[in-house]
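Comments concern the structure below.
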Amino acid sequence: MTDLENYTQNILDSITNSLIAVDKELKIKSINKEGKKLFQLNDSSIGKGLDILFVEYEILEKILYEVLSRKTKISNKELKLNLKSGKEIYIKLIAYPLYNILDKVEGVVIVLEDISKIRELEYRIRRAEKLSAVGELASGIAHEIRNPLGIIKTISQTINNDVKDKEIKEGIEIIIHEVNRANMVIKGILDFAKPNINQKKYHSINNLIRNILIITNKYTQQHHVEINYNFDIDKSILIDVDKLKQAFINIIFNAVQAMPEGGKLDINQSTQDDYIKISFEDTGIGISQNIIEKIFEPFYTTKDFGTGLGLPITHRIIEEHKGYIEVDSELDKGTKITIFLPMEERS
């Protein structure tokens, strides 16, 4: 390789976006360092077709042949693509006709900007705004319902003390039981709407998880679920202990219920960047991809019981701690829920 070629390659490798040059048959002629990193490639990829990179190759192929036929640039086209490595990414694509010294088109230069993290952040913001709006609405409705329920319960209890007829007493007791059940739903709605994170103090995440495992031990044993807990570091961060305990217990109970025949739940604590990372990985029935985005929506549930507020409440609690949640799942293999909590207080 000549000094000029080395210099040119150094320039290409210094670009932080993925840059690929292909010929008219869309065979790879050159790929920079960032491109090799994104697609997990080495120099053996030179001369191969772009179909080695993408599952939905036809989408990109159509765009690039349009660049070749029209001899025109395509700018800032956003695509969601699955890589052959199994990774799903969002990209912003720019494609230019590649001219030779005779000013004839001999291929295409492709610039790919990975905008997956931006899309994930936008999704989190939209979900947070949606949950906040639903929370405010639910809170107002819950307060309005709670008052008449209180009156119904008080009057029912008064009548129940006075009547002697067995059938009437049984009917009144059913009314009181159902009012109590409705009040539990309302409590869940209010917990979702306003988690009330106001008792923050520095506390060991390791100690918190160990305490939760003691609390949930009988429940997990009864359902034949084995829990394995590992941690890399014992760090104290500023948290509301009771609320975070509620969030983690919700996740554990959900995991156990997803393993009706028993199974294993791995809990791992580590650090990533400026966050404490706690993952809960079960061997349960899993969640289909079209449902994953719904599991944090209030009242959404696939179970025959429950209010569908457990995970939305968990989401609000983690959000109030300035953290975030990631979910990865596969049907019949299990689900992994990962919590990220900032090690330092964020404004």
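The values are calculated or read from the model by the stated rules, or taken from the named source; none is laboratory data. All values reported here derive from a predicted model rather than from experimental measurement. Counting neighbours? That spans all protein chains shown, and the Cβs are built from the backbone with ideal geometry, glycine included. For the accessible areas, the whole protein counts, side chains as well, though only heavy atoms, and no ligand, DNA or RNA atoms are used. Shrake-Rupley method; radii C 1.70, N 1.55, O 1.52, S 1.80 Å.
Cα centroid distance between the stretch 147-172 and the stretch 18-52, in Å? So the separation of the two Cα centres works out to 76 Å. Taking all protein chains together and a 1.4 Å probe, the residues Thr154, Thr338 rank Thr154, Thr338 from largest to smallest accessible area. State whether the stretch 230-284 is rounded, prolate or oblate according to the following rule on the C-alpha gyration tensor (a ≥ b ≥ c being the square roots of its eigenvalues): a/c under 1.5 gives rounded; otherwise a/b larger than b/c gives prolate, and the remaining case gives oblate. Verdict is oblate for the stretch 230-284.
Counting Lys and Arg as +1 and Asp and Glu as -1 over every other residue whose Cβ lies under 11 Å from the Cβ of Ser279, the net charge comes to -3. Around Asn211, under 15 Å between beta carbons, what's the net of Lys plus Arg minus Asp minus Glu among the other residues? Spelling it out: positives minus negatives among the neighbours equals +2.
Between Phe253 and Ser69, the distance separating the two model label sites (each 7 Å from Cα on the Cα→Cβ line) works out to 5.9 nm.
Exactly which GluC sites (Glu not before Pro) in the stretch 155-184 are in a DSSP loop and have at most 14 other Cβ atoms within 10 Å? Taking the stretch 155-184 and a limit of 14 other Cβ atoms within 10 Å, no loop GluC sites (Glu not before Pro) are found.
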